[in-house]
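For reference, the structure is listed below as structure tokens.
The values are calculated or read from the model by the stated rules, or taken from the named source; none is laboratory data. On a predicted model such as this, the values are computed, not experimentally measured, just so you know. Virtual Cβ from ideal backbone geometry, glycine too; neighbours counted across all protein chains shown.
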Amino acid sequence: MSTAPYPLIRVEPDRHGDWEVDLPDEVSPIHCRTLSEARDLAYRHAARRELCELVIRDAYHRVAHRELRGPR
């Protein structure tokens with residue numbers, strides 16, 4: 001059970017140097033080769049939702065960016 005008040009979209013590095021985008025409606029994360037590709041995918045999905053939290057972590061797993069996003 002999630003304790004987050006909004007659906008969460010996460011962008012995180014994986015252990016192989018690629019990036020993962022974890023979407024609330026997907027069972028497993030989507031793998032991307034670059035941070036730019038992962039970030040673009042996350043923003044596209046966030047734009048389609050009513051309201052969600054977007055969290056992007058850096059290569060050291062620190063939160064580099066966090067915001068509430070919704071359709072524009």
(request) Scan the stretch 19-49 for residues that are out of contact with any Pro (no Cβ under 7 Å at 6 or more places or on another chain) and among the aliphatic types (A, V, I, L, M) and jot them down. (result) 23, 27, 30, 35, 38, 41, 42, 46
(request) Consider only pairs whose beta carbons are under 9 Å apart and that are at least six residues apart or on different chains; among these, list those whose first residue lies in the stretch 43-56 and is among the aromatic types (Phe, Trp, Tyr) and whose second residue is surrounded by 17 or more Cβ atoms within 10 Å (Cβ to Cβ) and at pLDDT 95 or above. (result) 43/9; 43/54
(message) I'm trying to understand the selection: among the residues of the stretch 24-38, which are under 19 Å from residue 67 (Cα atoms) and touching a strand residue (DSSP E or B) at 6+ places or on another chain (Cβ under 6 Å)?
(response) 35, 38
(request) Give the residues of the stretch 37-49 that are surrounded by fewer than 17 Cβ atoms within 10 Å (Cβ to Cβ) and either part of a strand (DSSP E or B) or in contact with a Phe, Trp or Tyr (Cβ under 9 Å, 6 or more places away or on another chain) (or both), sorted by residue number. (result) 37
(message) Let me confirm something: among 63, 27, 21, which residue is surrounded by fewer than 16 Cβ atoms within 10 Å (Cβ to Cβ) and at pLDDT 95 or above?
(response) 63
